[in-house]
Structure formats: structure tokens, C-alpha cells
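Below: one structure, written as C-alpha cells.
The values are calculated or read from the model by the stated rules, or taken from the named source; none is laboratory data. Treat the numbers as computed from the prediction; the structure is a model and nothing was measured. Ligands, DNA and RNA are stripped out before the accessible areas are found, and what is left, the full protein with its side chains, is counted by its heavy atoms. Shrake-Rupley method; radii C 1.70, N 1.55, O 1.52, S 1.80 Å.
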Amino acid sequence: MRPEKMLGMRHVALFVRDLEACENFYINLLGMELEWRPDHQNVYLTSGSDNLALHQASTEHQRDEAGQRLDHIGFFVNAAEEVDRWFEFLQDHDVKMRTKPRTHRDGARSFYCYDPDGTHVQIIHHPPVSQWEALRGVN
């Protein structure tokens, strides 16, 4: 018998080439907070109910871009209108955009940008997740 339902995927770990630039992006632009810095090559960030680990990749090691299987990571917002506000804010801070905001067939609204290391970052309002969190008093 399967154990009780999980709380969801709330942890992502990324190897990054420029730890300082990525830390700045996620803290100063996306609003995450420093949770833990065990040493100068690792930092753990949080928005409260999640955990993003940034690990300094060896600059001497050639990265296998073709072998990377991560498509993107996403940050949820509470309302569709917030997606557009985030787009304008990040664009005003010279963040490279991959797409413009759009409403998807399922009613979600999102856009994609790049972090300083090239990871695709999605800012998304997904109504079922917002409803689920509202019912549980998460927000």
C-alpha cells in the first residue's frame, strides 16, 4: 500500500557556472531568501515551502549541454495578472526573456526567461494549484 500523499516536488538542485550571479537573480529579482550557505560553493534558497540548491560547477569541467534533461523550473504566482507584472519587472532588470506572457489552453498563464546560467525559468499562474493551496490555507 502506498504511503500518504506527498506534499509535492519542492526541491530542485542546479549546477551553475556563476554561483554569485545566479544567487543574485533568485534572491534579488525573484525574491527567494537564503536558507543555508554551508560553504562558498553551495547555497540553499527558499520561498517558504520549497528549496532551491545552487552548486558551483567546476569551471574546468566542460558541461554536456546535450545531456541535460531539465527543461525548466517554475515559480507559481497567485493570479494571472501577477504573471504580467513579473514579466515587466524582470524585463526592466534586463533579464533575458525566452517568451512573452500567454494564456495556455488549460487556463494557466505564464512566460519563460533565463537565469544567468541559462536555465529556463517559468513564472506561472496555474489555477488548480492556486485553488489547492487556498483550500489548505497555504497562501
Inset, instruction - Quick one: angle between helix 80-92 and the longest Cα principal axis of the chain, in degrees between 0 and 90, rounded to 10, please. - result: 30
Inset, instruction - Provide Rg and Dmax in Å for the range 1-43, with only Cα atoms included in the calculation. - result: 14.4, 45
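Compute for the chain: radius of gyration divided by Kirkwood radius, i.e. Rg/Rh, restricted to C-alpha atoms, rounded to two decimals. Don't skip to the end; give the middle numbers.
Details: Rg = 16.1 Å, Rh = 16.4 Å.
Result for the chain is an Rg/Rh of 0.98.
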Legend entry - Accessible-area composition of the range 72-138, carbon plus sulfur, in percent [1.4 Å probe]: 49
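How large is the convex hull of the C-alpha atoms of the range 72-138 per residue, in Å³?
On the way: hull volume 5.9 nm³, N = 67.
Normalising the Cα hull of the range 72-138 by residue number yields 87 Å³.
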